[in-house]
1. Say a label goes 7 Å from Cα toward Cβ at A:G104 in every copy; what distances in nm does this one have to the rest, shortest first?
2. Report the residue of chain B with the smallest Cβ-to-axis distance, using the rotation axis that brings B onto A, in whole Å.
3. Compute the distance from the alpha-carbon center of the range A:76-131 to that of the range B:100-126, in whole Å.
4. Around A:D81, which amide H atoms from residues at least 5 apart in sequence, or from another chain, sit under 5 Å from its own amide H, with H modelled in the peptide plane?
5. How many nanometers, to one decimal and shortest first, lie between the label point of A:R47 and those of its other copies, if labels sit 7 Å from Cα toward Cβ?
6. List, shortest first and in nm to one decimal, how far the label point of A:C17 (7 Å from Cα along Cα→Cβ) is from its counterparts in the other copies.
7. What Kirkwood Rh does the range A:5-127 have if only Cα atoms enter the pairwise 1/r average? Answer in Å.
8. Could you work out how far helix A:39-51 tilts from the main Cα principal axis of chain A, as a 0 to 90 degree angle to the nearest 10?
Number of protein chains: 2
Amino acid sequence: MPLTAKQGQLLKELKRCKGELSGQDLHARLRKGSRPMGLATVYRHLRQLQQLGEVRCRHLPSGEALYAPAERDEHHLTCVDCGSTTTLESCPVHSVHLDAGQLGGFRPLFHTLEFFGLCGECQQRHQGAAG
Amino acid sequence: MPLTAKQGQLLKELKRCKGELSGQDLHARLRKGSRPMGLATVYRHLRQLQQLGEVRCRHLPSGEALYAPAERDEHHLTCVDCGSTTTLESCPVHSVHLDAGQLGGFRPLFHTLEFFGLCGECQQRHQGAAG
DNA sequence: TTGAGAATGATAATGGTTATCACAAGTTGT
DNA sequence: ACAACTTGTGATAACCATTATCATTCTCAA
C-alpha cells in the first residue's frame, strides 16, 4: 500500500529535520509552508505511519511524544530531573533479536532503547542538598 | 539518604504488585488501605524515587506512565494499534553497556527497551482492508 | 511553647492528544 | 452530467493524566 499524498508530505517533512519532532512541532512547520495540514490530520497520519512501520516514536518524561523516521536507529540518554535528552552516537547493543517464541504472533516494527538518569548539570545542582 | 516513611510506603506498594502501575492506579490502591495518600504526593514521590534510582517508568502509546521497581529488568512488546503490552520472559540483549565517552557525565539509573509493532489480533483485523 | 521550614493534599490549571461532526473531495453506477 | 455513497479533512470541543498552587499540618530544635 503506497502512501497517500498527505502521508508522504508528512513523512518528507519529518525526514527533512535532523532531530525528532513532536506532533505540535510538525503541525507548526507544515502550517508555515504551502499546503498546510490540520492538527487532527497530523496526528492521524502519524499514527498510521507508525502502524506502517515508517515512523517511530518515544515519549519524554513530560509525556510529549517525539516522532522520527523509523529508519533512524538512534538511542537516547534522558535526564529524569530536567528532562533534557541527548542522542547516543553509537548503538550500545549490537544485535537486538527476538525469536518467534518470544514474539508469539507479534510483528515488530521498531524498537526504542533509552537510558534514564541524571545529567551532569542536575547532579551538581543536587550535590549541595544531599550527596 | 534513606527513604522517608511515605516514600517507603509507596515503594512497598509498588513492589507488592506484580505488574506495573500508573500514578492513578497507585493512588487508588493507597486510598483504599489505611494511611491514604494524596494524588499530588503520589506523583511527587514517584518522581523522587525515580531520581533515586528506586523506580523506573515507561510510557504507553496513550501517554500514560507506568511505574515499577527499578530492580525489575523487564522489557515489553507494545502494539501501536490497540496499545496492549506484553512482558518478555527473557531479555533479548545480554549486555547493555555504555562507556564513559558515550555518557559524558550522565549518570544512568535505569533503562527501557521496548518493541513496538502489531499484535496478532490487530494484524488479523487489518487483513481484510489491505494486505 | 514557639517559630522556621518542610511535607501534605484538595483543588485548579495545564497542555498534548483524541473525539466529534459537518463539510469537501473523490468514486462508482447509470 | 447527476445522484448516491465512501473517504479524507480540519476547526473545535472534550478528555484526562499530570503539575502547580497554596493554605494547612507536621517536625523539630531551642
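The numbers here are math on the coordinates, done by the rules we state, and not lab data. Quick caveat: nothing in here was measured; it's all calculated off a predicted structure. Cβ placement follows ideal geometry from the backbone for every residue including glycine, while neighbour counts extend to all protein chains displayed.
1. Those separations, rounded to one decimal, come out as 4.0 nm.
2. B:H59, 2
3. Centre-to-centre (Cα) distance: 8 Å.
4. Under 5 Å from the amide H of A:D81: A:C119.
5. 2.9
6. Values, ascending and in nm: 3.3.
7. Hydrodynamic radius (Kirkwood, Cα pairs) of the range A:5-127 is 16.2 Å.
8. That helix lies at roughly 80 degrees to the long axis.
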